[in-house]
Amino acid sequence: MTTPNRIGALRYALIAVGVTFIIGLKTLSIVWPSGWSWGVGHSHYWPMILGVYATLGVFLIRASGNPLANRSLIWFTVWSSVVHAVVMGAMAFGDRAEAGHQVGDVPALLLLALVLGVLMRRAEATTIAVTGLGARRVA
C-alpha cells in the first residue's frame, strides 16, 4: 500500500467512525437495543454517553484532514475503545440481562480499535520510512 493510500484509508476510517459516533449509536440502540443500550427504561447515563461519543466523533472527523498531526486523539480512541469494551464485556458477563452486548457493542468497539490501530500503525510506519527518521518517532 502506498503512502497516500495508507493515509487515505485512515482518513476514511476516521470519517466512518466519527459519523457512527455522531448518529450511529442512537440509531443502533433503536434498531438493536439489547446489543447497544444498557438497562431498561429511562437512564441518565445514555444522553451523557451519546454526548461524549458525538463530541469524539466530531473531533475524529476533523482529525481525518491530517491524521498524523492528531495521533494522540486517534490512539486515545483506540485504547479507550479497548478499555470500554473490556469493562462492558465483564459487566455483561456478570449481568445476564445485558448479555446482548457480548455480540453487539463489545465486539464492535474491539473491531473499531483494531482497524484504527492497524491503519494508524501503517500510516506512522510510512511516515517514518518516507522521512528517513528510522526508529525515531515523528512528532
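Confirm whether F21 is in contact with a Phe, Trp or Tyr (Cβ under 6 Å, 6 or more places away or on another chain), among the hydrophobic types (A, V, I, L, M, F, W, C) and on the phi < 0 side of the Ramachandran plot. It is true that F21 is in contact with a Phe, Trp or Tyr (Cβ under 6 Å, 6 or more places away or on another chain), among the hydrophobic types (A, V, I, L, M, F, W, C) and on the phi < 0 side of the Ramachandran plot. The residues of the range 64-76 that are hydroxyl-bearing (S, T, Y) and out of contact with any Phe, Trp or Tyr (no Cβ under 9 Å at 6 or more places or on another chain) amount to a single one, S72. Being surrounded by fewer than 18 Cβ atoms within 10 Å (Cβ to Cβ) and polar (S, T, N, Q) is the filter; apply it to the range 15-29 and report the residue that is modelled with the highest pLDDT. It comes out as T20.
Residues are listed down the side, and each one gets a yes or a no for (1) farther than 19 Å from L114 by Cβ; (2) basic (K, R):
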| residue | (1), (2) |
| --- | --- |
| I7 | no, no |
| P33 | yes, no |
| G51 | yes, no |
| V58 | yes, no |
| R62 | yes, yes |
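Considering only residues in the range 62-72 that are buried (at least 16 other Cβ atoms within 10 Å of the Cβ) and assigned to a helix (DSSP H, G or I), the one that is farthest from the chain's Cα centre (by Cα) turns out to be L68. Among the candidates F59, F93, the residue that is assigned to a helix (DSSP H, G or I) and in contact (Cβ under 8 Å) with a residue 12 or more places away in the chain is uniquely F59.
The values are calculated or read from the model by the stated rules, or taken from the named source; none is laboratory data. Keep in mind the model is a prediction, meaning the values are calculated, not measured. Glycine gets a Cβ as well: all are built from the backbone with ideal geometry, and neighbour counts include every protein chain shown.
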